[in-house]
Every structure is written in C-alpha cells, then in structure tokens.
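S.K.: First the structure, then my questions, so here it is.
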Amino acid sequence: MKRIVLCAALMMALYSCSEPKKNSVQQEEGLAKKYEQNFKIGTIFAQPQIEGVDKLSIDIVKKHFNALTAENCMKGEVVQPEQGRFDFSLGDKVVDFARQNNMYMVGHVLVWHSQPPKWIFTDSQGNRVSRDTLIERMKNHITTVVKHFKGKVDAWDVVNEAFEDDGSYRKSPYFEIIGEDFINLAFKFAHEADPEVKLILNDYNVCKPQKCDAIIAKIKELRSSGLQVDYAGMQMHCTMDFPSKNEIETTLKKFEDNNIKLQITEFDLTSIPFPMGNTAEISARADYQEKYDPYKNCLDDDSRAKINSRFKEIFDSFLSHSQNIERVTVWGITDKGSWRLDWPIPGRTDFPTFFYSDGKMKEFLME
Ligand code: XIL
C-alpha cells in the first residue's frame with residue numbers, strides 16, 4: 001500500500017514538472033543580434049569553458065552573446081598569487097576567445113576586498129602594511145594587469161563593492177589602510193596604464209537609495225578632480241522581490257539624470273529561499289536544508305511562469321532605459337554553471353540565468 005501511495009506521489013510530481021518550450025524563431029537569431037539596438041548581451045567564462053569541455057555552453061556563448069567577463073580568473077588571487085609572480089595563463093585564454101568571436105571584453109576585477117592577492121595587505125610578519133606600501137602594491141598590480149591586457153580588454157571593473165548599503169564606505173582593508181581615496185588612486189593608476197580602456201565603478205545592491213546616491217556622488221567627485229570614470233556597474237544579483245520594479249526604475253533614472261552611463265555587470269535571479277537578507281557578499285554562507293531547496297526534484301508550471309515573469313519585469317526595465325545602458329551581462333551561461341547553486345547555500349537547484357541547465361532558453365526571452 002505504502003509503495004502504491006509513493007508511486008502515485010512520484011507520478012504526480014513528474015506530471016506537474018513542466019518542460020521548457022522548444023526553440024523559437026527569435027532563439028535561432030541569437031540574443032546579441034536580437035538586442036543589438038539596445039545593448040550588448042554578455043555572459044561569463046569559467047574553467048569548463050576555458051578548458052573547452054562544456055561544449056553546450058560554449059555553443060550558447062557563440063550564438064547568443066557579444067560580451068564576455070572572466071568569472072574568476074582575472075581576479076587578484078589568480079593573477080598575482082604571490083608578490084611579483086603574475087599568472088595570466090587563464091585570463092589570456094578568455095581574452096583570446098573573446099577576440100576570436102568579436103566580443104566586448106570586460107576585465108574583472110582590479111581592486112576588491114574579496115579574492116584579492118592574498119598577500120597584499122600584510123608584511124612577512126603578518127602585520128598590516130603601511131599606507132604607502134599598499135598604494136605601491138596596488139599600483140603595481142593595477143599597472144601590470146592593465147598593461148598586460150592592453151588593447152584586448154574594452155572595460156575594467158576597477159573598484160568593486162566599495163560601499164555599504166547605507167552609503168558609507170565599506171571598511172575593507174583597502175579603505176582602512178589607504179583611506180577613501182584608494183578609489184581615486186585605483187582609477188588614476190588604471191587610466192595611466194591604458195588611457196584607451198573604459199573604467200567602471202562596480203557594486204551590488206545599487207538599487208538601495210543611499211548606496212546609489214553614494215556611488216553617484218563618488219563618480220561626480222572623481223570626474224570633477226579630472227579622473228576618468230566611464231560607467232557605474234550595477235551587478236544586479238536579484239531575488240524574486242528585490243529590487244522591486246519601482247526601485248529599479250528609480251535607480252536607472254537617477255543615473256540618467258546624473259549623466260552616468262551604466263553597465264549591468266552580473267545579472268542573475270534567484271528564485272529559491274534566500275535566507276541571508278539582500279546581499280551579494282560572497283563570504284555569506286548558510287548550511288543546506290531541504291526546505292531551502294524547493295525545486296530539487298521538479299519545477300512546476302506555476303513557478304516556472306513566476307520566474308519568467310520576474311525575469312521579464314527586470315529585463316523590460318533594462319530595455320526601456322537602454323539608451324543609457326551599454327551592456328547587460330548575465331552571471332552564468334546556463335543554470336547548471338551558476339554560482340547561485342552553491343552560494344550562499346551549497347548544492348541547490350536554482351534558475352538564475354537566461355538558459356535552463358539543458359541549454360533551452362528561458363521563455364521570457366522568446367517573446
Ligand atoms: C563569484 C563567482 O561567480 C564564484 O565562482 C566565486 O566563487 C565567488 O565569486 N560579485 C562579483 C563576482 O563581483 O566576482 C562574484 O563572482 C559574485 C559577486
């Protein structure tokens with residue numbers, strides 16, 4: 001009896017799991033082409049693409065995307081693992097792929113409290129280095145990296161996540177050791193290393209009003225002191241209710257009103273419980289629990305529709321402000337490779353990107 005009930009439950013579960021729609025005409029065309037009048041459509045490259053093992057995702061990139069960011073391999077901890085020893089082997093492969101496929105290449109990232117060159121803040125005794133030493137190390141890192149990729153990277157995320165949600169400066173080691181002008185110095189060094197390359201001040205939760213205001217004020221300050229800042233970068237790691245449509249619209253308009261062009265640098269959408277509050281701080285962690293993994297066995301029709309309509313709500317805002325948006329990059333090629341599956345909780349099923357795990361496109365993009 002028990003087995004019959006179990007089988008019936010399983011059948012029902014399977015029956016209510018919905019299948020994504022088949023390819024449509026738009027899908028044949030490719031997203032980059034479809035939105036070429038609006039903005040570039042970007043995605044990221046990680047190990048499976050660099051090594052050429054994930055053929056499905058590489059084909060999707062070639063067909064649908066015209067901008068590329070390295071997910072991890074151009075970060076400080078990878079390119080300068082020890083002081084003075086630079087490793088560009090992986091970054092070079094990503095940049096080569098972008099060039100071969102005529103893609104806009106984004107350098108990610110020069111100055112960030114997460115995944116920095118591990119040694120950069122301390123001396124050989126483990127004590128924090130002086131202001132002058134950190135400035136010198138930061139200058140050397142930025143200069144060497146930017147010069148290496150000169151002519152091959154179109155825009156750099158120069159400083160990432162420098163602000164708290166309340167608009168104050170994040171108390172990162174860069175801020176604590178150098179002071180708030182670590183941002184000014186970073187932009188100065190990047191521009192000196194490659195006067196042609198575009199420069200981005202990137203952050204998450206840019207739709208938090210005080211954070212948005214702080215970023216706008218900082219960019220104006222940098223510009224009025226003669227420094228080049230080309231774009232504000234909005235990461236846009238979204239949940240089903242944050243940021244709201246209204247918050248997105250208000251934020252996009254604020255940047256327009258202040259003559260600051262935007263790049264949407266890391267768009268994704270989590271549709272499973274997110275018990276950490278609104279953040280994209282990569283050190284946030286929680287343990288796995290079944291209740292936090294509702295789509296483990298199945299995505300039902302109703303949830304699939306809700307996810308697609310939330311995606312559409314956000315993407316429509318980007319489209320209606322596209323005159324001020326250079327690029328929309330989605331942080332992951334297919335759902336299978338998304339960092340969301342392991343952050344902030346490991347091993348879950350989620351649908352954060354433009355393509356389901358089997359390579360089928362999200363329905364909202366087929367309309
Ligand atoms: C994430 C990567 O996707 C993960 O693979 C890595 O383990 C941690 O970093 N903000 C950023 C990105 O600027 O670099 C982060 O990428 C996601 C949050």
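S.K.: Once Lys and Arg get +1 and Asp and Glu get -1 on their Cβ, which of Thr334, Gly52, Asn38 lies farthest toward the positive end of the dipole of the chain?
M.R.: Gly52
S.K.: Something else: Based on the alpha-carbon gyration tensor of the range 306-366 and its eigenvalue square roots a ≥ b ≥ c, which shape applies: rounded if a/c is under 1.5, prolate if not and a/b is larger than b/c, or oblate?
M.R.: prolate
S.K.: Could you state, as a whole-number percent, how many of the C-alpha pairs of the chain are farther apart than 38 Å?
M.R.: Everything past 38 Å amounts to 18 percent.
S.K.: Compute the helix-to-body angle for 245-257: its Cα long axis versus the longest principal axis of the chain, expressed 0 to 90° and rounded to tens.
M.R.: Here the helix axis deviates by roughly 30 degrees.
S.K.: Please give me, ordered by residue number, the chymotrypsin sites (Phe, Trp or Tyr not before Pro) of the range 228-337 that lie in loop per DSSP and have at most 13 other Cβ atoms within 10 Å.
M.R.: Tyr288
S.K.: Can you compute the FRET efficiency between Gln115 and Lys152 using 1/(1 + (r/R0)^6), with r the Cβ-Cβ distance and R0 = 25 Å? Round to the nearest 0.05.
M.R.: Here the calculated transfer efficiency is 0.70.
S.K.: Let me ask another. Would you mind pulling out the separation of the Cα centroids of the range 46-122 and the range 248-268, in Å?
M.R.: Result: 25 Å between the Cα centres.
S.K.: Continuing with the same structure: In nm, to one decimal, how far is the Asp213 label point from the Glu247 one, both placed 7 Å along Cα→Cβ?
M.R.: Result for the modelled spin labels: 1.6 nm.
S.K.: Just grab the label-to-label distance for Gln323 and Arg285, each label 7 Å out from Cα along the Cβ direction, in nm (one decimal).
M.R.: Label at Gln323, label at Arg285, 4.8 nm between them.
S.K.: Turning to a different aspect of this structure: If we count other beta carbons within 10 Å of each Cβ, what is the order of Leu319, Leu68, fewest first?
M.R.: In order of increasing Cβ crowding within 10 Å: Leu319, Leu68.
S.K.: Of Lys188/Lys218; Lys211/Lys254; Lys34/Lys198; Lys75/Lys152, which pairs sit farther than 19 Å apart, going by alpha carbon to alpha carbon?
M.R.: Check vs 19 Å cut-off fails for Lys34/Lys198.
S.K.: Report the gain in length on full extension from Lys55 to Lys312: 0.36 nm times residue separation, minus Cα-Cα distance, nm rounded to one decimal.
M.R.: 89.8 nm
S.K.: Follow-up question, since we're still on this one. For helix 2-16, report the angle its Cα long axis makes with the longest principal axis of the Cα atoms of the chain; keep it between 0 and 90° and round to the nearest 10°.
M.R.: The angle comes out at about 60 degrees.
S.K.: Next question. Angle check, please: helix 89-100 long axis (alpha carbons) against the longest principal axis of the chain (alpha carbons), in degrees 0 to 90, nearest 10.
M.R.: Its long axis makes an angle of about 70 degrees.
We did not get these values from a lab; they are worked out from the coordinates using the rules stated. Computed from a predicted model, the values in this text were never measured in an experiment. Using ideal geometry, Cβ is built from the backbone for each residue, glycine included, and neighbour counts are taken over all protein chains shown.
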